[in-house]
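The values are calculated or read from the model by the stated rules, or taken from the named source; none is laboratory data. Worth saying up front: this structure is predicted, and the values here are computed from it rather than measured. When we count neighbours, we look across all protein chains shown, and the Cβ atoms used for this are built from the backbone with ideal geometry, even at glycine. Side chains are part of the model used for accessible areas, which takes the heavy atoms of the whole protein and leaves out ligands, DNA and RNA. Shrake-Rupley method; radii C 1.70, N 1.55, O 1.52, S 1.80 Å.
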Amino acid sequence: MAYNESWSGKISRKLIKKQHIIDVAAGRKKADLVLKNATYVNVFSGELDTEDIAVTQGLIVGFGSYEGYTEVDMTGKIVLPGFIDAHIHLESSLVSPTEFARAVIPHGTTTVITDPHEITNVMGTDGIDYMLSATEDLPVDVRFMIPSCVPASAMDESGANLDYRDIDSFFEHPRVQGLAEMMNFPGILAADGTTVAKIVASQAHHKKIDGHAPGLKGKDLNAYISAGVYSDHECADLEDAMLKLRRGQFIMIREGTAARNLEALMPLLQSEKYFDRCMFCTDDKHPSDLLEKGHIDYICRKAVALGADPIRTVQVACLHAARYFLLNNRGAIAPGYLADFAIVEDLKDFKVVSVYKKGQLVYSDGAVAPMEKPVIPQHLDEKAHDTFHLPVLQAQDFADPRQRGVIGMIPGEILTQDCGYACAPDPEQDILKMAVIERHKHTGHIGIGYLKGYGLKTGAVATSVAHDSHNIICVGENDADMALAANRIAENHGGIVVVENGRVTAELPLEIAGIMSDRPLTEVNTLLENAKEAAYRQGVGKDIDPFMTLSFMSLPVIPTLRLTTRGVIDVNTQQYL
């Protein structure tokens, strides 16, 4: 009986709410908010319309002539649906989710789809729980794709090793949309049961599966898509994108900090046949990019400057991701949709002047509305701040006279090439020693290799942001400075360190799981830029990001060579050199 009464009460409340919405839409009651004389992008018809927009209880309820308790004149401005980032790792911003939200709200972003595989590789399922807690009730709606590859490859060592049983219960969470980028395409192609089981589990919950398969083609691509992978964000050229689009995948056009593919994929946006299979994403977005360039608004601005139709660009930035992820009440300005608005001056520069989330003003006059910091359970917070478990390192731990593979950097790419072998650093030939140090389980494993193209002439650079297992990765021209840099990272509970002649020249502590900071974004950016300048002074090429570039050198799923805690591997053959 109690169950029936509870259910009856719930239905009654929803009924009253729905009746009020209908009354406001019909003009019988005042709206909570009316945007008067609003010129808005109709993403369904591809037109600019001008009418009042009425909002009540966080929903758009109608167009026409309305009265509201709050009325705001939109004359001279353009109202857009809130922007949606279709794929991002919040951890890449190097700050807490609250700071991330504070950074992207001024750029009109109201929804992001995040893959927390960075922190999950450090903390296991506790990392997912941490991020779910840290994003609860933020003014940016954070939706989740559950990490599919922890670790990214069986050849890697992370803080956890998750199979489908570990992640299955998360698919029932109301903010979970599906299974995140399936990087382990070799596992899929081999029909590996452990890998395929994760796709089966996601499909059993009627969820999406995102892809990550750069350059895959032919029957391998057929097999990968047949497994149930619906999208790809790794297309660096038009040929790769068209191969996948023709086979039914949705293409996430990525324009982030580490990888920028918009210009190469512009023909997709300029084609009426293809653009509706596309959406925008950033994947990784560093502090300086967020502060200086923006977020999805920056992609819109750049796309239009490159020749894209402005309204089509808005459709890609809003509607298409919402449709793909079955977020059926956002991505458009229409009755019944969430009142998520990005108000811009024009459809050229996309300068955001104000932002509404569910009808509430969250950004105006250059200021973000105050927000409450989400409550993170104590045990998760403590675990996130204690993730380094390794011995104190000595210079001799990096001594290795044997020949090791040389990983050759490719300018402007995160792909690498095989540059042969070396047995010692040679800064004059731009060959440096590199090490990846296991830091999760006190194994003492240190993989040694060499890196060409980084440019460092003296000292060492180290970071605990090392995709995706986030062990400590260090590069240097001498073993003593490499040891000092790695030890300093452990003392700081994570971060970035630059060392020269036995002295720390710059550092950025990242005390949340070794990949994020508790500090404000502006402070993190200042420390990060100072560290970059120190690295440049010590010889690192100014055409590269010293730390983001280094962070990808240990990711064993992107060709050709990578370094893990056990040594240099050939990604294509999955063999150690």
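Does GLY124 satisfy the criteria of being in contact with a Gly (Cβ under 8 Å, 6 or more places away or on another chain) and either of a type in the set (Asp, Glu) or surrounded by 24 or more Cβ atoms within 10 Å (Cβ to Cβ) (or both)?
Judged against the criteria, GLY124 is not a match.
Quick check on ILE105: is it open to solvent by less than 10 Å² (accessible area, probe 1.4 Å), over 22 Å from PRO377 (Cβ atoms), touching a residue at least 24 places away in the same chain (Cβ under 8 Å) and assigned to a helix (DSSP H, G or I)?
Yes; evaluated as a whole, the condition is true for this residue.
Yes or no, residue by residue, for (1) among the basic types (Lys, Arg); (2) closer than 21 Å to HIS206 by Cα; (3) touching a strand residue (DSSP E or B) at 6+ places or on another chain (Cβ under 9 Å); (4) surrounded by fewer than 24 Cβ atoms within 10 Å (Cβ to Cβ):
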site: ILE113; (1), (2), (3), (4): no, yes, yes, no
site: PRO116; (1), (2), (3), (4): no, yes, yes, no
site: THR120; (1), (2), (3), (4): no, no, yes, no
site: PHE171; (1), (2), (3), (4): no, yes, yes, yes
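For the stretch 352-387, enumerate the residues that are within 30 Å of ALA480 (Cα to Cα), touching a strand residue (DSSP E or B) at 6+ places or on another chain (Cβ under 8 Å) and part of a loop (DSSP other than H, G, I, E, B).
Passing the criteria: only HIS385.
Within the stretch 18-30, can one find any residue that is in a helix (DSSP H, G or I), open to solvent by 70 Å² or more (accessible area, probe 1.4 Å) and over 23 Å from GLY331 (Cα atoms)? Spell out the reasoning first.
Here is the first cut: in the stretch 18-30, the ones in a helix (DSSP H, G or I) are 18-25.
Now narrow it down to the ones that are open to solvent by 70 Å² or more (accessible area, probe 1.4 Å): 18-19, 22.
From the residues that got through so far, the ones that are over 23 Å from GLY331 (Cα atoms) too are 19.
For the stretch 18-30, residues in a helix (DSSP H, G or I), open to solvent by 70 Å² or more (accessible area, probe 1.4 Å) and over 23 Å from GLY331 (Cα atoms): present.
Among the residues that make up the stretch 522-538, is at least one of them within 23 Å of GLY124 (Cβ to Cβ) and either in contact (Cβ under 8 Å) with a residue 60 or more places away in the chain or hydroxyl-bearing (Ser, Thr, Tyr) (or both)?
Within the stretch 522-538, not a single residue is within 23 Å of GLY124 (Cβ to Cβ) and either in contact (Cβ under 8 Å) with a residue 60 or more places away in the chain or hydroxyl-bearing (Ser, Thr, Tyr) (or both).
Tell me, which residue of the stretch 52-91 that is outside any strand (DSSP E or B) and of a type in the set (A, V, I, L, M, F, W, C) is surrounded by the fewest Cβ atoms within 10 Å (Cβ to Cβ)? Please lay out each step first, then the result.
Start the filter on the stretch 52-91 by keeping residues that are outside any strand (DSSP E or B), which leaves 57-58, 65-67, 74-77, 82, 89-91.
After this cut, where a residue has to be of a type in the set (A, V, I, L, M, F, W, C) as well, the list is 74, 90.
Working: MET74: 20, LEU90: 28.
Step by step, filter the stretch 52-91, then rank; the result is MET74.
Of everything in the stretch 341-351, what is out of contact with any Cys (no Cβ under 9 Å at 6 or more places or on another chain) and assigned to a loop (DSSP other than H, G, I, E, B)? Give them in sequence order.
Those that are out of contact with any Cys (no Cβ under 9 Å at 6 or more places or on another chain) and assigned to a loop (DSSP other than H, G, I, E, B): GLU345, ASP346, LYS348, ASP349, LYS351.
When you go through (1) within 19 Å of LEU327 (Cα to Cα); (2) of a type outside the set (Phe, Trp, Tyr); (3) part of a loop (DSSP other than H, G, I, E, B) one by one for ALA180, which number turns out not to apply?
ALA180 satisfies every listed condition except (3).
Yes or no: ALA134 more than 30 Å from VAL368 (Cα to Cα) and either small (Gly, Ala, Ser) or in contact with a strand residue (DSSP E or B) (Cβ under 6 Å, 6 or more places away or on another chain) (or both)?
no
Can you name the number of the only condition in (1) at pLDDT 95 or above; (2) open to solvent by 10 Å² or more (accessible area, probe 1.4 Å) that LEU265 fails?
The single condition LEU265 does not satisfy is (2).
For the stretch 115-139, give me the residue count where each residue is among the acidic types (Asp, Glu) and under 19 Å from ARG165 (Cβ atoms).
Matching residues across the stretch 115-139 total 2.
Condition first: open to solvent by 20 Å² or more (accessible area, probe 1.4 Å), assigned to a helix (DSSP H, G or I) and either among the aromatic types (Phe, Trp, Tyr) or within 19 Å of ASP210 (Cα to Cα) (or both). Can you find one or more residues in the stretch 149-164 that meet it?
yes
Looking only at residues in the stretch 233-245 that are in a loop (DSSP other than H, G, I, E, B) and surrounded by 16 or more Cβ atoms within 10 Å (Cβ to Cβ), which one is modelled with the lowest pLDDT?
ALA236
Could you list all residues from the stretch 189-232 that are part of a helix (DSSP H, G or I), closer than 16 Å to VAL557 by Cβ and under 23 Å from the mean Cα position of the chain (by Cα)?
THR195, LYS198, TYR224
Looking only at residues in the stretch 316-339 that are of a type outside the set (A, V, I, L, M) and touching a Cys at 6+ places or on another chain (Cβ under 9 Å), which one is nearest to LEU179 (Cα to Cα)?
Restricting to residues being of a type outside the set (A, V, I, L, M) and touching a Cys at 6+ places or on another chain (Cβ under 9 Å), the top hit is HIS320.
Tell me whether the stretch 112-123 contains one or more residues that are in contact (Cβ under 8 Å) with a residue 24 or more places away in the chain, part of a helix (DSSP H, G or I) and more than 23 Å from GLY211 (Cβ to Cβ). Even if it seems obvious, please write down each step before you answer.
The first filter runs over the stretch 112-123 and keeps only residues in contact (Cβ under 8 Å) with a residue 24 or more places away in the chain, leaving 112-123.
Within this subset, residues satisfying the condition of being part of a helix (DSSP H, G or I) are 117-123.
Still in the running and more than 23 Å from GLY211 (Cβ to Cβ): 122-123.
Yes.
Does PRO139 count as without any contact (Cβ under 8 Å) to a residue 24 or more places away in the chain, open to solvent by 20 Å² or more (accessible area, probe 1.4 Å), under 30 Å from ASP340 (Cβ atoms) and not β-branched (Val, Ile, Thr)?
Working: without any contact (Cβ under 8 Å) to a residue 24 or more places away in the chain: no; open to solvent by 20 Å² or more (accessible area, probe 1.4 Å): yes; under 30 Å from ASP340 (Cβ atoms): yes; not β-branched (Val, Ile, Thr): yes.
For PRO139, the condition - without any contact (Cβ under 8 Å) to a residue 24 or more places away in the chain, open to solvent by 20 Å² or more (accessible area, probe 1.4 Å), under 30 Å from ASP340 (Cβ atoms) and not β-branched (Val, Ile, Thr) - is not met.
Only one of (1) touching a Gly at 6+ places or on another chain (Cβ under 9 Å); (2) touching a residue at least 40 places away in the same chain (Cβ under 8 Å); (3) on the phi > 0 side of the Ramachandran plot is not met by GLY46, so which one is it?
The one condition GLY46 does not meet is (1).
Residues are listed down the side, and each one gets a yes or a no for (1) in a loop (DSSP other than H, G, I, E, B); (2) surrounded by 16 or more Cβ atoms within 10 Å (Cβ to Cβ); (3) of a type in the set (A, V, I, L, M):
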{"residue": "HIS389", "(1), (2), (3)": "yes, no, no"}
{"residue": "VAL392", "(1), (2), (3)": "yes, no, yes"}
{"residue": "GLN396", "(1), (2), (3)": "no, no, no"}
{"residue": "CYS419", "(1), (2), (3)": "no, yes, no"}
{"residue": "HIS440", "(1), (2), (3)": "yes, yes, no"}
{"residue": "GLY449", "(1), (2), (3)": "no, yes, no"}
{"residue": "LEU456", "(1), (2), (3)": "yes, yes, yes"}
{"residue": "HIS467", "(1), (2), (3)": "yes, yes, no"}
{"residue": "CYS474", "(1), (2), (3)": "no, yes, no"}
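Look at the stretch 258-281 and say how many of its residues are in a loop (DSSP other than H, G, I, E, B) and either free of Cβ contacts under 8 Å to residues at least 24 places away in the same chain or within 21 Å of MET553 (Cβ to Cβ) (or both). Give the steps one after another, and end with the answer.
Start the filter on the stretch 258-281 by keeping residues that are in a loop (DSSP other than H, G, I, E, B), which leaves 258-259, 261-265, 270-274.
If we keep only those that are either free of Cβ contacts under 8 Å to residues at least 24 places away in the same chain or within 21 Å of MET553 (Cβ to Cβ) (or both) as well, we get 258-259, 261, 271-273.
So the answer is 6.
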